[in-house]
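The values are calculated or read from the model by the stated rules, or taken from the named source; none is laboratory data. This one's a predicted model, so the numbers in the text were calculated from it and none came from an experiment. Surface accessibility is based on the protein's heavy atoms, side chains included, excluding ligands, DNA and RNA. Shrake-Rupley method; radii C 1.70, N 1.55, O 1.52, S 1.80 Å.
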Amino acid sequence: MAAVDDHAVDDHAKGRIISDAPLSRPVPVALRYDPGFSPATVRFVFPGAVEWSFPRTLLETGMRTPTRRGDIGVWPCGRVQTVVELHRDDGVTVVQFDTTALLRFLKHTYAASASLATH
């Protein structure tokens with residue numbers, strides 16, 4: 001984890017773009033959280049500065065049970081994977097992550113929130 005400031009979280013994960021193609025392709029994703037800016041929001045930043053912001057609770061709940069809010073869906077995929085589905089006007093992007101990377105990110109976000117609350 002690299003801190004942007006004393007409380008912001010900037011983690012990185014490798015996702016896999018799932019499509020109709022025979023093979024999925026890896027994609028690096030920056031997982032960001034800034035409790036000073038928006039304590040209830042996480043951001044996923046994809047290559048090309050494509051950024052999605054959504055409630056942290058959506059990610060947390062979606063890792064246990066299928067959840068959707070607006071253009072974003074999150075659900076568990078087996079015991080060790082989590083899928084994030086992002087809807088745009090021009091299509092849908094489906095990205096699969098190792099759940100451990102997302103759990104680690106959430107743990108860092110809660111630590112940052114607690115640190116902010118004690119200052």
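How far, in degrees from 0 to 90, does helix 99-117 lean away from the longest principal axis of the Cα atoms of the chain, to the nearest 10?
Orientation of helix 99-117: about 20 degrees from the principal axis.
What's the extension gain from Ala30 to Glu51 if we count 0.36 nm per residue and subtract their Cα-Cα distance?
Working: separation 21, 0.36 × 21 = 7.56 nm, distance 0.92 nm.
So the chain would gain 6.6 nm between Ala30 and Glu51.
What ranking of Asp98, Asp20, Asp11 comes out by heavy-atom accessible area, probe 1.4 Å, highest first?
Details: Asp98 80, Asp20 165, Asp11 10 Å².
Result, largest first: Asp20, Asp98, Asp11.
Limiting things to C-alpha atoms, what are the Rg and the maximum Cα-Cα separation (Dmax) for the chain, in angstroms?
When restricted to Cα atoms, the chain yields Rg and Dmax of 14.1, 51 Å.
Work out how much length Ala111 to Gln81 would gain on full extension: take 0.36 nm times their residue separation and subtract the Cα-Cα distance, in nm to one decimal. Present the calculation step by step, with values, prior to reporting the outcome.
On the way: separation 30, 0.36 × 30 = 10.80 nm, distance 2.31 nm.
This chain segment gains 8.5 nm when fully extended.
In whole percent, what relative contact order does the chain give with Cα contacts below 8 Å and a gap of six or more residues? Please list the in-between numbers first.
On the way: 220 pairs, mean separation 26.2, N = 119.
Rounded, it is 22 percent for the chain.
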